[in-house]
Amino acid sequence: MTPHTGAWRAALADAIGFVLGGALGLFVGRWLGWDFIGSTGWGTSQILGLLLILGGMGGCRWLLRRLLLGAPPQ
């Protein structure tokens, strides 16, 4: 194993987590009627849709880092 393997795993977890989490947040927001991408104005439903997208990105990134890198050292 090379010394850069951990960095590659972290980068892969970040990239996949952000993309998948954003897509999941977008689809859940559309399912709930909180479409951020397809609307023209700013309102409560658009802000909630944006928060779902951001939460999905962060949550999936965190989950994939835990799965690919393991628990952080204590």
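The values are calculated or read from the model by the stated rules, or taken from the named source; none is laboratory data. These numbers were taken from a predicted model, which means no experiment stands behind them. Don't worry about glycine lacking a Cβ; one is built from the backbone with ideal geometry, like all the others, and counts go over all protein chains shown.
Could you please let me know if Trp42 is crowded, with 16+ Cβ neighbours inside 10 Å and either assigned to a loop (DSSP other than H, G, I, E, B) or on the phi > 0 side of the Ramachandran plot (or both)? Write out each step before concluding.
Working: crowded, with 16+ Cβ neighbours inside 10 Å: no; either assigned to a loop (DSSP other than H, G, I, E, B) or on the phi > 0 side of the Ramachandran plot (or both): yes.
No; evaluated as a whole, the condition is false for this residue.
Looking at (1) surrounded by 11 or more Cβ atoms within 10 Å (Cβ to Cβ); (2) in a helix (DSSP H, G or I); (3) aliphatic (A, V, I, L, M), which is the only condition Ala7 fails? The failed condition is (1).
Looking for whichever is out of contact with any strand residue (DSSP E or B) (no Cβ under 7 Å at 6 or more places or on another chain), surrounded by fewer than 15 Cβ atoms within 10 Å (Cβ to Cβ) and modelled with pLDDT under 95 here; the options are Leu26, Leu50, Leu12. Which one fits? Before the answer, list the steps.
Numbers: Leu26 fails: surrounded by fewer than 15 Cβ atoms within 10 Å (Cβ to Cβ); Leu50 fails: surrounded by fewer than 15 Cβ atoms within 10 Å (Cβ to Cβ).
One residue alone meets the criteria, Leu12.
Only a single criterion out of (1) buried (at least 17 other Cβ atoms within 10 Å of the Cβ); (2) more than 14 Å from the chain's Cα centre (by Cα) is not satisfied by Leu69, namely (1). The numbered conditions (1) modelled with pLDDT of 90 or more; (2) within 27 Å of Leu68 (Cβ to Cβ) are all true for Met1 except (1).
Take Gly59 and decide whether it is over 11 Å from the mean Cα position of the chain (by Cα) and at pLDDT 90 or above.
Details: over 11 Å from the mean Cα position of the chain (by Cα): no; at pLDDT 90 or above: yes.
No, not satisfied.
Being outside any helix (DSSP H, G or I) and in contact with a helix residue (DSSP H, G or I) (Cβ under 8 Å, 6 or more places away or on another chain) holds for only one residue in Ile16, Ile37, and it is Ile37.
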